[in-house]
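Comments concern the structure below.
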Amino acid sequence: MRLAFELSGESKSIPRAEVLAIFRGVVVREVERVLVMDVEIYDQTLGNRLAMTHTVIEVKNVCEQRLASIYQAAQSIELPRVSVAVRAKRIGHGLRSVDVEATIGKALAERGYEIDLAHPQLLVRALLSEDVCIIGKTLTMIDRSRFESRRPRLRPYFYPGVLLPRIARAAVNLTGINPNALLFDPFCGTGGLLLEAGLIGATVVGSDIDSRMVFGTKMNLDYYDVESALLVQDAQRLALRDECVDAVTTDLPYGRSVSIRARSLNQLTVTALDEILRVLKCGARAVLIAHNPIEREISDAGFTIEERHAQYVHKSLTREIVVVRK
Ligand SMILES: C[S@@+](CC[C@H](N)C(=O)[O-])C[C@H]1O[C@@H](n2cnc3c(N)ncnc32)[C@H](O)[C@@H]1O
């Protein structure tokens, strides 16, 4: 089946990479902020995991972004005989959403579909991007407000400068982890990454050298009913067996905001990367979040760099998110 993912505009590359990390399929088309993919089946649970997608639709027709073409396309789309409403989303320049909604609605009404704007059984969605209009049946509307409800300040244990839930969830998804697999964060801080991993059903193990942070992580995970195994330990000497974890996601310490418990930041990064490589299973992915370039250290450790993303936070902070494989 053919799906279109309506990607968020908060980052140039992360929303696309997040979809590709968790959906197996073939990309058939890409226009601004829309990724069209063929997949064998659509797993709703996977759709609901996404942090940086607005909607997932099953594509019914793709046409030129002109009202006459859209009207014609809507005359031939196959939909179940239930009540429908039409929502259009314009990405960038193009037709007005209201005009597109009226055009598709008219074509469907003429074909005998019941239009119910208040309580439709099916939501038809039109994505207007570049020169095309992609029309489809809405499969998932991602409720991004649920991430807001887990903002760091709303958790029982708060520490400034931590990752926001949406970026934490995307970082977890970038590992491609399956539910029940084991995800490890050796610099867990207040547990933001473990929380998002736990909520998608992963088994989470975290550690930090600072016992207050481990205690804070425990409070935060308990609050959201996420079970975990937590340790106070130095990321340079992990008390974990070789090749025992399925994925690592971690936000590495950086100079200014946290106390570095090591001879130097570089020493900590180099030694911790060796340890992460050791505990990760062969072929598994790690997502490393850093505040300074660490590609050389990553390659020297023996990882293969698969992707690099920049996440703009504010004028003086752009995070690097590096996806690596053992
Ligand atoms: C950038 S913070 C992680 C923030 C975390 N992602 C969150 O959302 O709260 C880095 C963490 O590394 C920890 N840390 C510093 N040196 C360490 C070491 N040698 N071993 C393990 N953890 C260390 C700090 O205590 C801090 O909690």
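For region 210-326, the helices (runs of 4 or more DSSP H) that sit wholly inside it and include 1 or more residues that are modelled with pLDDT of 95 or more, over 20 Å from residue 169 (Cβ atoms) and away from the ligand (no atom under 14 Å from the Cβ) are 265-279, 295-301. Checked against (1) crowded, with 23+ Cβ neighbours inside 10 Å; (2) more than 10 Å from the ligand (Cβ to nearest atom); (3) in contact (Cβ under 8 Å) with a residue 40 or more places away in the chain, residue 204 passes all but a single condition, namely (3). Candidates in region 188-201 are the residues that are outside any helix (DSSP H, G or I) and over 23 Å from residue 290 (Cβ atoms); of these, the one that is nearest to the ligand (Cβ to nearest atom) is 200. Taken over region 142-157, the criterion of being of a type in the set (A, V, I, L, M, F, W, C), within 16 Å of the ligand (Cβ to nearest atom) and touching a residue at least 24 places away in the same chain (Cβ under 8 Å) is satisfied by 147 alone.
For residue 166, the stated conditions hold: it is buried (at least 18 other Cβ atoms within 10 Å of the Cβ), touching a Ser or Thr at 6+ places or on another chain (Cβ under 9 Å) and basic (Lys, Arg).
The set of residues in region 178-188 that are farther than 7 Å from residue 217 by Cβ and surrounded by 24 or more Cβ atoms within 10 Å (Cβ to Cβ) comprises 183, 184, 185, 186. If the condition is being near the ligand (Cβ under 9 Å from one of its atoms) and of a type in the set (Phe, Trp, Tyr), then region 158-179 contributes only 159. I'm checking my understanding of the structure. Among residues of region 84-105 that are loosely packed, with under 15 Cβ neighbours inside 10 Å and touching a residue at least 24 places away in the same chain (Cβ under 8 Å), which one is nearest to the chain's Cα centre (by Cα)? Among those that are loosely packed, with under 15 Cβ neighbours inside 10 Å and touching a residue at least 24 places away in the same chain (Cβ under 8 Å), it is 92.
For the condition away from the ligand (no atom under 13 Å from the Cβ), more than 30 Å from residue 240 (Cβ to Cβ), among the hydrophobic types (A, V, I, L, M, F, W, C) and within 19 Å of the chain's Cα centre (by Cα), what is the one hit in 182, 139? Criteria check complete, one pass: 139.
The values are calculated or read from the model by the stated rules, or taken from the named source; none is laboratory data. From a predicted model like this one, the values you see are computed outputs, not experimental measurements. No Cβ is skipped: glycine too gets one built from the backbone with ideal geometry, and neighbour counts run over all protein chains shown.
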